[in-house]
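The values are calculated or read from the model by the stated rules, or taken from the named source; none is laboratory data. Bear in mind that the values here come from a model prediction, so they are computed numbers and not experimental data. All Cβ positions, glycine included, derive from the backbone under ideal geometry; neighbour counts span all protein chains shown.
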Amino acid sequence: MSVRITAERSKGIALLHACPLEMTGRPLPTVILFHSFGVSKEVVSFLGYMLAAAGMRCLMPEAPFHGERFDGDAVLRQRAFWNICTTYVDEAEALRDAFRPLIADPDRIGVTGTSMGGFAAIAATARYDWVAATASFMGSAYFHRSSRALFPPLGSYDVNTADAHDSAMRTIPDPSATLCRLADRPIWLWHGQRDDVVHFSNALDLQADLRAMDGAGRLEVSLDPTGSHRVTDTAARSGVAFLSRELDVGSRSS
(Lines give C-alpha, C1' and ligand atoms only; values in the text may rest on other atoms or scores of the structure.)
Protein backbone atom coordinates (compact mmCIF):
# COMPACT_ATOMS: atom_id res chain seq x y z
CA MET A 1 0.00 0.00 0.00
CA SER A 2 1.35 3.43 -0.96
CA VAL A 3 1.52 5.96 1.88
CA ARG A 4 1.16 9.73 1.77
CA ILE A 5 2.84 11.84 4.48
CA THR A 6 2.31 15.61 4.50
CA ALA A 7 3.50 18.40 6.76
CA GLU A 8 0.52 20.43 7.94
CA ARG A 9 -0.64 22.87 10.60
CA SER A 10 -3.79 22.64 12.73
CA LYS A 11 -4.79 25.14 15.40
CA GLY A 12 -1.33 26.65 14.96
CA ILE A 13 0.39 23.33 15.74
CA ALA A 14 2.73 21.68 13.25
CA LEU A 15 2.06 18.01 12.53
CA LEU A 16 2.77 15.23 10.10
CA HIS A 17 -0.26 13.53 8.58
CA ALA A 18 0.12 10.01 7.22
CA CYS A 19 -2.53 7.97 5.43
CA PRO A 20 -2.92 5.41 2.64
CA LEU A 21 -2.46 7.31 -0.62
CA GLU A 22 -5.63 6.01 -2.25
CA MET A 23 -7.75 6.94 0.78
CA THR A 24 -6.49 10.47 1.39
CA GLY A 25 -9.90 12.11 1.55
CA ARG A 26 -11.87 9.23 3.04
CA PRO A 27 -12.72 8.74 6.73
CA LEU A 28 -10.34 6.21 8.28
CA PRO A 29 -9.57 4.66 11.66
CA THR A 30 -7.23 7.23 13.16
CA VAL A 31 -4.32 7.21 15.60
CA ILE A 32 -2.67 10.18 17.32
CA LEU A 33 1.05 9.56 17.72
CA PHE A 34 2.98 11.42 20.46
CA HIS A 35 6.77 11.66 20.09
CA SER A 36 9.58 11.38 22.64
CA PHE A 37 11.19 14.13 24.69
CA GLY A 38 13.97 16.18 23.13
CA VAL A 39 13.28 15.18 19.52
CA SER A 40 10.62 16.07 16.95
CA LYS A 41 7.64 14.56 15.19
CA GLU A 42 9.85 13.44 12.30
CA VAL A 43 11.74 11.03 14.56
CA VAL A 44 8.63 8.89 15.14
CA SER A 45 7.37 9.16 11.57
CA PHE A 46 8.45 5.55 10.96
CA LEU A 47 5.57 4.52 13.22
CA GLY A 48 3.21 6.87 11.40
CA TYR A 49 4.25 5.29 8.11
CA MET A 50 3.65 1.79 9.48
CA LEU A 51 0.21 2.74 10.82
CA ALA A 52 -0.76 4.27 7.47
CA ALA A 53 0.53 1.23 5.58
CA ALA A 54 -1.77 -0.87 7.78
CA GLY A 55 -4.79 1.18 6.69
CA MET A 56 -4.99 3.88 9.37
CA ARG A 57 -4.72 7.64 9.39
CA CYS A 58 -1.96 8.86 11.70
CA LEU A 59 -1.65 12.38 13.11
CA MET A 60 1.78 13.22 14.53
CA PRO A 61 1.67 16.59 16.33
CA GLU A 62 4.74 18.50 17.46
CA ALA A 63 5.01 18.69 21.25
CA PRO A 64 5.35 22.11 22.92
CA PHE A 65 8.99 23.31 23.05
CA HIS A 66 10.02 20.74 20.45
CA GLY A 67 10.91 20.76 16.77
CA GLU A 68 9.31 23.74 15.07
CA ARG A 69 8.04 24.93 18.47
CA PHE A 70 11.43 24.91 20.23
CA ASP A 71 12.89 28.26 21.32
CA GLY A 72 16.40 26.93 21.95
CA ASP A 73 16.29 26.85 25.77
CA ALA A 74 17.08 23.21 26.52
CA VAL A 75 17.43 23.77 30.28
CA LEU A 76 13.97 25.31 30.59
CA ARG A 77 12.54 22.55 28.40
CA GLN A 78 13.97 19.84 30.64
CA ARG A 79 12.48 21.39 33.79
CA ALA A 80 9.14 21.78 32.02
CA PHE A 81 8.93 18.10 31.05
CA TRP A 82 5.72 17.37 32.97
CA ASN A 83 3.98 20.56 31.84
CA ILE A 84 4.96 19.78 28.26
CA CYS A 85 3.55 16.27 28.57
CA THR A 86 0.28 17.61 30.06
CA THR A 87 -0.13 20.30 27.39
CA TYR A 88 0.56 17.69 24.70
CA VAL A 89 -2.43 15.75 26.01
CA ASP A 90 -4.53 18.93 26.23
CA GLU A 91 -3.93 19.64 22.55
CA ALA A 92 -4.95 16.15 21.42
CA GLU A 93 -8.66 16.90 21.72
CA ALA A 94 -8.42 19.99 19.51
CA LEU A 95 -6.56 17.89 16.96
CA ARG A 96 -9.29 15.27 17.01
CA ASP A 97 -11.93 17.96 16.48
CA ALA A 98 -10.02 19.56 13.61
CA PHE A 99 -9.75 16.25 11.73
CA ARG A 100 -13.24 15.01 12.60
CA PRO A 101 -14.42 14.75 8.93
CA LEU A 102 -11.52 12.41 8.12
CA ILE A 103 -11.93 10.13 11.13
CA ALA A 104 -14.03 7.01 10.60
CA ASP A 105 -15.50 7.25 14.10
CA PRO A 106 -14.51 10.45 15.98
CA ASP A 107 -15.48 8.82 19.26
CA ARG A 108 -13.14 5.88 18.69
CA ILE A 109 -9.55 6.93 18.11
CA GLY A 110 -6.29 5.23 18.98
CA VAL A 111 -3.35 6.87 20.71
CA THR A 112 0.26 5.79 20.82
CA GLY A 113 3.63 7.23 21.70
CA THR A 114 7.24 6.59 22.62
CA SER A 115 8.83 7.47 25.98
CA MET A 116 7.33 10.91 26.84
CA GLY A 117 4.83 10.12 24.13
CA GLY A 118 4.06 6.83 25.88
CA PHE A 119 3.35 8.77 29.07
CA ALA A 120 1.11 11.13 27.08
CA ALA A 121 -0.76 8.23 25.45
CA ILE A 122 -1.63 6.75 28.86
CA ALA A 123 -2.62 10.17 30.20
CA ALA A 124 -4.87 10.78 27.19
CA THR A 125 -6.55 7.43 27.81
CA ALA A 126 -7.21 8.33 31.43
CA ARG A 127 -8.64 11.70 30.41
CA TYR A 128 -10.66 11.07 27.25
CA ASP A 129 -13.50 8.61 26.72
CA TRP A 130 -12.98 8.78 22.95
CA VAL A 131 -9.66 6.93 23.17
CA ALA A 132 -10.56 3.45 21.95
CA ALA A 133 -7.12 1.81 22.01
CA THR A 134 -3.72 2.67 23.43
CA ALA A 135 -0.24 1.45 22.54
CA SER A 136 2.39 2.86 24.88
CA PHE A 137 6.09 2.31 24.24
CA MET A 138 8.28 2.88 27.31
CA GLY A 139 5.61 4.94 29.07
CA SER A 140 4.18 5.04 32.58
CA ALA A 141 0.93 5.83 34.37
CA TYR A 142 2.81 6.96 37.48
CA PHE A 143 3.64 10.59 36.80
CA HIS A 144 4.19 11.93 40.30
CA ARG A 145 6.30 8.99 41.41
CA SER A 146 8.33 9.04 38.19
CA SER A 147 8.98 12.78 38.49
CA ARG A 148 11.25 12.26 41.49
CA ALA A 149 13.88 10.64 39.26
CA LEU A 150 12.78 11.57 35.73
CA PHE A 151 13.07 15.30 34.97
CA PRO A 152 12.23 16.70 38.44
CA PRO A 153 10.66 20.14 37.86
CA LEU A 154 13.21 21.77 40.18
CA GLY A 155 16.14 20.00 38.57
CA SER A 156 16.62 17.65 41.52
CA TYR A 157 14.60 15.78 44.12
CA ASP A 158 16.02 15.45 47.62
CA VAL A 159 15.17 16.29 51.25
CA ASN A 160 15.68 19.97 50.51
CA THR A 161 13.42 20.16 47.46
CA ALA A 162 10.78 17.54 48.28
CA ASP A 163 8.07 19.93 49.48
CA ALA A 164 8.56 22.39 46.63
CA HIS A 165 8.71 19.52 44.16
CA ASP A 166 5.44 18.05 45.40
CA SER A 167 3.84 21.49 45.23
CA ALA A 168 5.01 21.95 41.64
CA MET A 169 3.60 18.56 40.65
CA ARG A 170 0.14 19.15 42.10
CA THR A 171 -0.96 20.85 38.90
CA ILE A 172 0.05 17.81 36.82
CA PRO A 173 -2.76 15.25 36.38
CA ASP A 174 -1.48 11.82 37.38
CA PRO A 175 -3.15 8.89 35.55
CA SER A 176 -2.39 6.61 38.50
CA ALA A 177 -4.69 8.77 40.64
CA THR A 178 -7.64 7.74 38.44
CA LEU A 179 -6.85 4.12 37.66
CA CYS A 180 -10.56 3.41 37.28
CA ARG A 181 -10.33 5.37 34.04
CA LEU A 182 -7.82 2.82 32.71
CA ALA A 183 -9.66 -0.28 33.91
CA ASP A 184 -10.83 -2.61 31.14
CA ARG A 185 -9.61 -0.29 28.39
CA PRO A 186 -7.70 -1.81 25.43
CA ILE A 187 -4.13 -0.90 26.42
CA TRP A 188 -0.90 -2.44 25.14
CA LEU A 189 2.35 -1.67 26.96
CA TRP A 190 5.80 -2.40 25.58
CA HIS A 191 8.97 -2.07 27.61
CA GLY A 192 12.55 -3.22 27.28
CA GLN A 193 13.91 -4.85 30.43
CA ARG A 194 17.27 -3.11 29.90
CA ASP A 195 15.69 0.35 29.73
CA ASP A 196 17.85 2.67 31.84
CA VAL A 197 15.55 5.73 31.47
CA VAL A 198 12.04 4.50 32.33
CA HIS A 199 12.09 1.24 34.28
CA PHE A 200 9.99 -1.63 32.94
CA SER A 201 8.50 -2.14 36.43
CA ASN A 202 6.11 0.70 35.55
CA ALA A 203 4.30 -1.65 33.17
CA LEU A 204 4.13 -4.43 35.74
CA ASP A 205 2.91 -2.03 38.43
CA LEU A 206 0.01 -0.91 36.25
CA GLN A 207 -0.84 -4.51 35.50
CA ALA A 208 -0.82 -5.39 39.22
CA ASP A 209 -2.86 -2.34 40.21
CA LEU A 210 -5.50 -3.00 37.56
CA ARG A 211 -5.66 -6.67 38.50
CA ALA A 212 -6.28 -5.65 42.12
CA MET A 213 -9.40 -3.82 40.99
CA ASP A 214 -10.41 -6.52 38.47
CA GLY A 215 -9.71 -4.07 35.63
CA ALA A 216 -6.81 -5.67 33.78
CA GLY A 217 -8.90 -7.78 31.43
CA ARG A 218 -8.00 -5.77 28.31
CA LEU A 219 -4.46 -4.83 29.25
CA GLU A 220 -1.57 -6.48 27.39
CA VAL A 221 2.02 -6.19 28.61
CA SER A 222 4.93 -7.05 26.32
CA LEU A 223 8.40 -7.11 27.87
CA ASP A 224 11.55 -7.51 25.79
CA PRO A 225 14.34 -9.05 27.91
CA THR A 226 17.03 -7.53 25.67
CA GLY A 227 15.24 -4.27 24.87
CA SER A 228 16.58 -0.86 25.87
CA HIS A 229 15.06 2.64 25.68
CA ARG A 230 14.45 2.28 21.96
CA VAL A 231 11.53 0.94 19.95
CA THR A 232 12.54 -2.23 18.14
CA ASP A 233 11.12 -3.31 14.80
CA THR A 234 9.33 -6.22 16.49
CA ALA A 235 7.80 -3.90 19.07
CA ALA A 236 6.67 -1.40 16.43
CA ARG A 237 5.00 -4.11 14.37
CA SER A 238 3.30 -5.56 17.44
CA GLY A 239 1.97 -2.16 18.49
CA VAL A 240 0.63 -1.47 14.99
CA ALA A 241 -1.04 -4.90 14.93
CA PHE A 242 -2.67 -4.21 18.30
CA LEU A 243 -4.08 -0.85 17.17
CA SER A 244 -5.20 -2.32 13.85
CA ARG A 245 -7.09 -5.08 15.67
CA GLU A 246 -8.68 -2.87 18.31
CA LEU A 247 -9.73 -0.19 15.79
CA ASP A 248 -11.16 -2.88 13.52
CA VAL A 249 -9.17 -1.56 10.58
CA GLY A 250 -10.04 -4.32 8.13
CA SER A 251 -13.75 -3.56 8.07
CA ARG A 252 -13.55 0.19 8.60
CA SER A 253 -11.11 0.95 5.80
CA SER A 254 -12.54 -1.35 3.17
Worksheet item: If you take the residues of region 1-33 that are free of Cβ contacts under 8 Å to residues at least 60 places away in the same chain and in a helix (DSSP H, G or I), which of them is nearest to S136 (Cα to Cα)?
Response: L21
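Looking only at region 105-123, decide whether some residue is over 17 Å from the mean Cα position of the chain (by Cα), of a type in the set (D, E, K, R), in a helix (DSSP H, G or I) and surrounded by fewer than 21 Cβ atoms within 10 Å (Cβ to Cβ).
Initially, region 105-123 is screened for residues over 17 Å from the mean Cα position of the chain (by Cα), giving 105-107.
From the residues that got through so far, the ones that are of a type in the set (D, E, K, R) too are 105, 107.
Applying the additional criterion that residues be in a helix (DSSP H, G or I) yields none.
No, the conditions are met nowhere in region 105-123.
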Worksheet item: For E91, are the conditions met, namely being buried (at least 17 other Cβ atoms within 10 Å of the Cβ) and either touching a Gly at 6+ places or on another chain (Cβ under 9 Å) or on the phi < 0 side of the Ramachandran plot (or both)?
Response: yes
Practice prompt. Name every residue in region 43-89 that is touching a helix residue (DSSP H, G or I) at 6+ places or on another chain (Cβ under 6 Å), in a loop (DSSP other than H, G, I, E, B) and under 28 Å from Y142 (Cβ atoms), in order of residue number.
Written response: E62, A63, P64, F65
Worksheet item: When only residues in region 175-195 that are within 16 Å of Y128 (Cβ to Cβ) and among the charged types (D, E, K, R) count, which is surrounded by the most Cβ atoms within 10 Å (Cβ to Cβ)?
Response: R185
Worksheet item: Which of the residues that make up region 228-254 are over 19 Å from the mean Cα position of the chain (by Cα) and over 25 Å from L21 (Cα atoms)?
Response: none
Worksheet item: Tell me, which residue of region 31-71 that is surrounded by 19 or more Cβ atoms within 10 Å (Cβ to Cβ) and polar (S, T, N, Q) is nearest to G117 (Cα to Cα)?
Response: S36
Item to complete: Go through region 219-254 and give me each residue that's among the basic types (K, R) and either modelled with pLDDT under 95 or touching a Lys or Arg at 6+ places or on another chain (Cβ under 6 Å) (or both).
Response: R252
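Residue-by-condition table, conditions (1) in contact (Cβ under 8 Å) with a residue 40 or more places away in the chain; (2) farther than 27 Å from H165 by Cβ:
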position: H66; (1), (2): no, no
position: Q78; (1), (2): yes, no
position: N83; (1), (2): yes, no
position: E91; (1), (2): yes, no
position: P106; (1), (2): no, yes
position: V131; (1), (2): yes, yes
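Residues in region 40-59: is at least one over 18 Å from V231 (Cβ atoms), touching a residue at least 60 places away in the same chain (Cβ under 8 Å) and in contact with a Gly (Cβ under 8 Å, 6 or more places away or on another chain)? Break it down stepwise before answering.
Filtering region 40-59 down to residues over 18 Å from V231 (Cβ atoms) leaves 55, 57, 59.
Next cut, touching a residue at least 60 places away in the same chain (Cβ under 8 Å) only: 55.
Narrowing the set further to residues that are in contact with a Gly (Cβ under 8 Å, 6 or more places away or on another chain) leaves 55.
Yes - at least one qualifying residue is present in region 40-59.
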Practice prompt. Spot the failing condition for L247; the list is (1) within 15 Å of T112 (Cα to Cα); (2) among the hydrophobic types (A, V, I, L, M, F, W, C); (3) touching a Pro at 6+ places or on another chain (Cβ under 9 Å); (4) surrounded by fewer than 18 Cβ atoms within 10 Å (Cβ to Cβ), and only one is missed.
Written response: (4)
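So, in region 11-21, of the ones that are out of contact with any Ser or Thr (no Cβ under 6 Å at 6 or more places or on another chain) and at pLDDT 95 or above, which residue ends up surrounded by the fewest Cβ atoms within 10 Å (Cβ to Cβ)? Walk me through how you get there before you give the answer.
Let us first name the residues in region 11-21 that are out of contact with any Ser or Thr (no Cβ under 6 Å at 6 or more places or on another chain), namely 11-15, 18-20.
Those still in the list that are at pLDDT 95 or above too: 14-15, 18-20.
On the way: A14: 17, L15: 25, A18: 24, C19: 26, P20: 19.
If we take residues in region 11-21 being out of contact with any Ser or Thr (no Cβ under 6 Å at 6 or more places or on another chain) and at pLDDT 95 or above, then A14 is surrounded by the fewest Cβ atoms within 10 Å (Cβ to Cβ).
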